[in-house]
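Below you'll find the structure, written out as structure tokens, and then a few comments.
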Amino acid sequence: MNDLLERYLSAVCSYFIGTKRKKVYNDLKKQILASASHYDELERTLVRYGHPRSVALSYGYRPLITHYFNPKYVSLFQRLLASISFLYLFFSTIYYLQQLNCLPFQNTQNIASTVNMSTTITWILSHPMAVLGSLLLIASCILIIFDMKYPVNQQSNVQWDKERLSNLPHPSHYACHYVESIIIFIFCIFFIFYGIFFTSSTILEIQNSSLQMIHLMTYFFNPFIMIILLDYAIDLTKKKFSRKYLKYTSLINLFTVVSLTFFVINSQFLKSYLLPFTVSFNYAMADIFIVSALLMIYAISLYKLIRNLKAYRCLLRKS
């Protein structure tokens, strides 16, 4: 009885995040338990309540996008966008590690040298946010064109019966974006101040031989920032994580952690690249921002790896 109820409650609450999710869970559970005292009665009650989406709508759920796109093409474009982003991250990482003299393997030197010979590729690797914006714009336009050519029924399928109720997945299969959203919010606030500092006149006043390396490190971090934000945006479209998606996002975050680890170790823990900490306040702030940015990217990548591991383990449970 409790298992069936938890599956239904989890299905309804998957449409909410934060405190609203908990509030809906407690209120709906209280109502249902007051109406049913044994398993057969609970089944009839849950069927009578209706589809989880209908219940969520009654509790105030409103989707940001009401239009239904063909899920086949949405999935295809998500995979293409994710693949292109990973390739971009790979080549930009090789490029900047070479610029920082921190390439982990000699055979990657040829890749970096090839990239350096092309000013177009160099410009692309130096402007990840412009590339991300362009990719999203192009992908959105193509998706809209495909949607117009191959439209789908705009009526939501909310058919509900005992069979669909019994096929609801285990509560642990549903994604919860609450903690991740808080981390991303802090992440964005930090990098707004980070961007303001490194584009202000303050940084121009710093005269030191390590300043070029400081600028290179800021460019080095940009693709990781881009991929973290893109990964989060795709995460939000998932009410339930699939095994393929968990493998992809784990690969991205593992690559991030490994790349940053190579950078930290080969740069002698940044000793050769940071500004003299005690010279002035501006020097100290530049160092603090660089180290904090590194730790921030590390932290969110490690969190995503642990979350993905837990989610993958949950998917192995019987639904």
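The values are calculated or read from the model by the stated rules, or taken from the named source; none is laboratory data. Owing to the predicted nature of the structure, the values given are computational and were not obtained by experimental measurement. Cβ sites come from the backbone with ideal geometry, for glycine too, and all protein chains shown count toward neighbours. Note: accessible area is taken over every heavy atom of the protein model, side chains too, but ligands, DNA and RNA are not part of it. Shrake-Rupley method; radii C 1.70, N 1.55, O 1.52, S 1.80 Å.
So here's what we get for this one:
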quantity: Unique residue being outside any loop (DSSP other than H, G, I, E, B) and either in contact (Cβ under 8 Å) with a residue 24 or more places away in the chain or touching a Lys or Arg at 6+ places or on another chain (Cβ under 9 Å) (or both) when the list is S92, S83; calculated: S92
quantity: Some residue of the range 157-171 being open to solvent by 40 Å² or more (accessible area, probe 1.4 Å), touching a Ser or Thr at 6+ places or on another chain (Cβ under 8 Å), under 28 Å from V55 (Cα atoms) and hydrophobic (A, V, I, L, M, F, W, C); calculated: yes
quantity: From the options L309, L246, L254, residue that is touching a residue at least 40 places away in the same chain (Cβ under 8 Å), open to solvent by 70 Å² or more (accessible area, probe 1.4 Å), part of a helix (DSSP H, G or I) and closer than 30 Å to N167 by Cα; calculated: L309
quantity: Test set (1) farther than 30 Å from F255 by Cβ; (2) open to solvent by less than 40 Å² (accessible area, probe 1.4 Å) - I94 fails condition number; calculated: (1)
quantity: Restricting the range 235-272 to residues that are closer than 17 Å to Q98 by Cβ and hydrophobic (A, V, I, L, M, F, W, C), the residue that is farthest from the chain's Cα centre (by Cα); calculated: I265
quantity: Residue in the range 268-289 that is outside any loop (DSSP other than H, G, I, E, B), aliphatic (A, V, I, L, M), closer than 30 Å to L135 by Cα and open to solvent by less than 50 Å² (accessible area, probe 1.4 Å) present; calculated: no
quantity: Lone unmet requirement of (1) within 29 Å of the chain's Cα centre (by Cα); (2) open to solvent by 30 Å² or more (accessible area, probe 1.4 Å); (3) under 16 Å from N167 (Cβ atoms) for K20; calculated: (3)
quantity: Set M213, M217: member being surrounded by 14 or more Cβ atoms within 10 Å (Cβ to Cβ), at pLDDT below 90 and out of contact with any helix residue (DSSP H, G or I) (no Cβ under 8 Å at 6 or more places or on another chain); calculated: M213
quantity: Subset of the range 140-163 (residues that are part of a helix (DSSP H, G or I) and either touching a residue at least 12 places away in the same chain (Cβ under 8 Å) or in contact with a Pro (Cβ under 9 Å, 6 or more places away or on another chain) (or both)); calculated: I142, L143, F146, D147, K162
quantity: Subset of the range 166-185 that is part of a helix (DSSP H, G or I) and over 14 Å from the mean Cα position of the chain (by Cα) - its residue that is nearest to Y232 (Cα to Cα); calculated: H173
quantity: Residue match in the range 49-64 (condition: at pLDDT below 90 and part of a helix (DSSP H, G or I)); calculated: no
quantity: Filter result (under 14 Å from N282 (Cβ atoms) and either β-branched (V, I, T) or surrounded by fewer than 11 Cβ atoms within 10 Å (Cβ to Cβ) (or both)) within the range 177-198; calculated: I196
